[in-house]
Structure formats: structure tokens, C-alpha cells
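The values are calculated or read from the model by the stated rules, or taken from the named source; none is laboratory data. Predicted, not measured: the structure shown is a model, and the values here were computed from it. Positions of Cβ are backbone-derived with ideal geometry, glycine not excepted, and every protein chain shown enters the neighbour counts. Heavy atoms of the whole protein, side chains included, go into the accessibility calculation; ligands, DNA and RNA do not. Shrake-Rupley method; radii C 1.70, N 1.55, O 1.52, S 1.80 Å.
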Amino acid sequence: MKKYMIHVVIILLGMGNVHGQPNPIPVFGKQLKVGDSFPTIQAENWLFGTSATKNLDSNEKVVLLDFFDTYCTACIASMPKLKKIQLEMSDKVQIVLVTWQDKATIERFWKNNAFIREHKIELPVIYADTVLKGYFPHRAIPHVAWIYKGKVQAISHSDFILESNVHSLYEDKNIQ
């Protein structure tokens with residue numbers, strides 16, 4: 001019985017250490033918050049992007065970093081809306097999908113997912129990301145970072161991505 005109790009205590013102490021740790025500071029810099037300057041980042045793992053869409057620190061457009069995973073149904077369901085906003089507001093916004101998943105997984109998903117094929121989703125994707133997730137850590141997805149004029153303007157859920165909100169930030173330099 002004594003041996004059993006010692007094992008239980010060790011296990012419980014170990015669990016406390018795992019769950020009690022504070023969020024670590026990202027290796028690549030500090031966690032960014034609204035109002036912080038957005039650093040120059042050279043993301044290298046791109047799919048579907050051209051050189052014009054790969055400028056994450058553009059001062060000319062609102063850049064929306066939409067963090068997603070291929071198993072997130074809410075993320076996938078929002079993609080046609082994101083595509084529509086990108087097409088209709090391409091002079092004001094650049095939407096970039098960001099995932100930690102590897103290139104093979106993302107390519108297979110884009111090739112095999114009927115919803116993605118039906119809606120012809122070709123938004124630029126940064127795959128195998130660790131840098132941006134370090135700056136914008138999150139526990140749930142979809143998760144969106146709004147960048148404009150070199151600053152983090154908002155951090156939101158993807159439901160907040162509306163033409164009116166993009167327009168408000170672009171025109172008024174303010175978003176609520």
C-alpha cells in the first residue's frame with residue numbers, strides 16, 4: 001500500500017508541474033498583443049502565394065493571419081467567406097492562412113477535400129509555421145491576427161472577419 005501511495009503522489013506532482021507551467025515566451029520573440037509593432041518576418045513555407053501576397057508587414061493593406069488546421073470544421077467552413085472578402089477587397093486586404101501542419105498534409109487536404117475543391121479556395125497558406133504561432137499563441141482555432149500599418153490591430157475569432165470591419169480598419173485606422 002505504501003509503495004502504491006508513493007506512485008500516486010509522484011504522478012500527481014508530475015501532473016501539477018505539467019499543467020501549472022505558464023505560457024512560455026516564444027523562441028522568436030515576445031508574444032504580441034494589440035498595439036505592439038509587428039516585426040519583419042520572412043515566412044518561407046508558402047503555398048498558393050505570389051510575391052505580392054507574401055508581404056506580411058505591408059503598410060498598404062490590412063493583413064489577416066488566419067490560423068487554421070485541416071481538422072477544424074469552423075476553419076474550413078469560413079474559407080469561402082475569406083475568399084470572397086479577399087476577391088472583393090484585394091486592394092485593401094491580404095488574407096493569409098497559417099498552419100503548423102506540414103506541406104504534404106496541406107497539399108493532400110487541398111487535393112482531396114471536396115469542399116475546398118468545390119469552392120476553389122486558393123488563399124495563400126503558410127505551412128509548418130512555428131514563428132507566427134509563437135507571436136500569436138492560441139489554444140483554439142480559428143484564431144486571427146489583424147496587422148495594419150506595422151502594428152497588431154486586433155486578435156479575434158474568424159467570425160469577426162467582415163467586410164465592414166476590414167473597411168473600418170483600412171479607412172478609419174481603427175477597429176472595435
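One table, with the values for the structure above:
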quantity	calculated
Label point distance in nm, H167-Y71, each placed 7 Å from Cα along Cα→Cβ	3.9
Cut-off 11 Å between beta-carbons: net charge of the residues surrounding Q101, Lys and Arg +1, Asp and Glu -1	-2
Residue-level accessible surface for D91, protein heavy atoms, 1.4 Å, Å²	90
T105, T130, ranked by accessible area, largest first (probe 1.4 Å)	T130, T105
Long-range amide H partners of N45 with built H, under 5 Å	Y127
Cα shape, the range 49-176, gyration tensor, a/c 1.5 rule	prolate
Residue-level accessible surface for K61, protein heavy atoms, 1.4 Å, Å²	60
Local electrostatic count, Y170, Cβ distance below 14 Å [Lys/Arg +1, Asp/Glu -1]	-1
Neighbourhood charge, 12 Å Cβ-Cβ cut-off, centred on E88 and excluding it, Lys, Arg +1 and Asp, Glu -1	+2
Solvent exposure of the range 123-166 as accessible area per residue, Å², 1.4 Å probe	38
Exposure of W146 as accessible area (Å², to 10), given a probe of 1.4 Å and all protein chains	0
